[in-house]
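For reference, the structure is listed below as structure tokens.
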Amino acid sequence: MAKRTRFAEYQDRYANFRFELSEEGILLMQCHTKGGSLIWDWKAHDEMADAFADIAGDREIKVLIHTGTGENYNANWGAPPRGMEKKPVYLAMDSQEGLSQLDEKAWYGRMLVENVLSVDVPMISAVNGPCNIHSEVPLLGDIVLASEDAYFQDLAHFPRGLVPGDGQHVIWPLIIGRNRARYMLLTGKKLGAQEALEWGAVNEVLPKHALLDRAWELARELAKRPPLVLRYTRMLFTQDLKRAFLDELGHGLARETYAQRQFFPIGGGMTPLDRPWNKNPWSD
């Protein structure tokens, strides 16, 4: 949750997020892992929620550009925890430890969305490549740009045996319509950049080398407006989204979390299920 912050306080706080602040008050937030494309793991997941809380509390910035690094925007899944590489792992709610772990991850999932929506300046999302994990984050931007090789997909949920309840079930129906969204979430469809443009999910599709330059061009134009105009316009644009997520995000996370007591294949990484859910992939 947001509190009053200054750029110097969070500039170097996060290993996976690089920040740059221009003279015009434009903040660049670039996701990465050791200078390359972001590797999505629990640490990156949780700290992204915290990073957006810091941004939301910074009242000096005028515009936010959110982007990735290298080939992918957000499509690399981290290695499973040590000791879990070659055996199925079930995060059951049979114990207090399992219940607490699931609850904490659900809380961070809720905070990620709420903190993005708490950013009270116009947000430009520059999707620089494939995005198949938490695609709701760039879609919460006011302007969404995509590189020609980008695509959107919800690989993290239903395709591998999870309920798509941490925001995908809210944002996709609002943007592309109920029937398209249900089809996409159930089948794991890859929504390419051009099709995403046609469906209204992105505003511009650009060559990869031109993507960030275009984001800066738009941001500099927006930053010419008075600060309160910028802030109140973003607040105006996010009001209905906040209401939609307030109504359904907690419900979706509850469904997702409860279903994990039956099956949650952390050891399988991001691979879609190619077997019955109750078949042990490591058995003969």
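Return the residues of region 175-191 that are more than 16 Å from HIS134 (Cα to Cα) and either surrounded by 23 or more Cβ atoms within 10 Å (Cβ to Cβ) or not basic (Lys, Arg) (or both); say none if nothing qualifies.
Answer for region 175-191, where residues must be more than 16 Å from HIS134 (Cα to Cα) and either surrounded by 23 or more Cβ atoms within 10 Å (Cβ to Cβ) or not basic (Lys, Arg) (or both): ILE176, GLY177, ASN179, TYR183, THR187.
Tally up the residues in region 1-33 that are assigned to a loop (DSSP other than H, G, I, E, B), modelled with pLDDT of 95 or more and of a type in the set (Lys, Arg), please.
Count: 3.
Sort through VAL163, VAL113, VAL202 and tell me the only one that's in contact (Cβ under 8 Å) with a residue 12 or more places away in the chain and touching a strand residue (DSSP E or B) at 6+ places or on another chain (Cβ under 7 Å).
Details: VAL163 fails: touching a strand residue (DSSP E or B) at 6+ places or on another chain (Cβ under 7 Å); VAL113 fails: touching a strand residue (DSSP E or B) at 6+ places or on another chain (Cβ under 7 Å).
Every option except VAL202 fails the conditions.
Quick check, is TRP107 free of Cβ contacts under 8 Å to residues at least 60 places away in the same chain and buried (at least 19 other Cβ atoms within 10 Å of the Cβ)? Write out each step before concluding.
On the way: free of Cβ contacts under 8 Å to residues at least 60 places away in the same chain: yes; buried (at least 19 other Cβ atoms within 10 Å of the Cβ): no.
So TRP107 does not fit the description; no.
Quick one: in region 29-50, which of the residues that are crowded, with 23+ Cβ neighbours inside 10 Å and in contact (Cβ under 8 Å) with a residue 60 or more places away in the chain is farthest from TYR14 (Cα to Cα)?
That would be TRP40.
The values are calculated or read from the model by the stated rules, or taken from the named source; none is laboratory data. Everything numeric in this text was worked out from a predicted model, so none of it was measured. All Cβ positions, glycine included, derive from the backbone under ideal geometry; neighbour counts span all protein chains shown.
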